[in-house]
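This report concerns only the one structure given below.
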Amino acid sequence: MNPKEEEVKSWGITVRNLSFLTAREMKRPSQDGVLVTSVRPGGPAGEAKPALNYGDVLVKSAARR
């Protein structure tokens, strides 16, 4: 069973939870975070520095200063 994908429209990305097997294949210490499965060109995530890409794992958001 694959984890359900979710679109985050405000960021212009689609993500899904990390499955146990995916986390293991990626040699991640845990299943924490979400896996980026698509990035909309021209959206906030596509314009981010550094840019978010397919296959990136987001663990938590950075604190705003």
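The values are calculated or read from the model by the stated rules, or taken from the named source; none is laboratory data. Computed from a predicted structure; not experimentally measured. The area values use the complete protein model at the heavy-atom level, side chains included, leaving out ligands, DNA and RNA. Shrake-Rupley method; radii C 1.70, N 1.55, O 1.52, S 1.80 Å.
The figures follow:
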quantity	calculated
Sulfur and carbon atoms: percent of accessible area, the chain [1.4 Å]	51
Gain upon complete extension [residue 30, residue 8; 0.36 nm per residue less C-alpha separation]	5.7 nm
Solvent-accessible area per residue, Å², over the range 4-55 with all protein chains present [probe radius 1.4 Å]	73
Helix-derived mean residue ellipticity, 222 nm - over the chain, DSSP H n ≥ 4, -39500 (n - 2.57), to 500	-3000 deg cm²/dmol
Among [x] 7.4; [y] 4.9; [z] 6.0, the entry that matches mean projected area of the Cα convex hull in nm² as calculated here	[y]
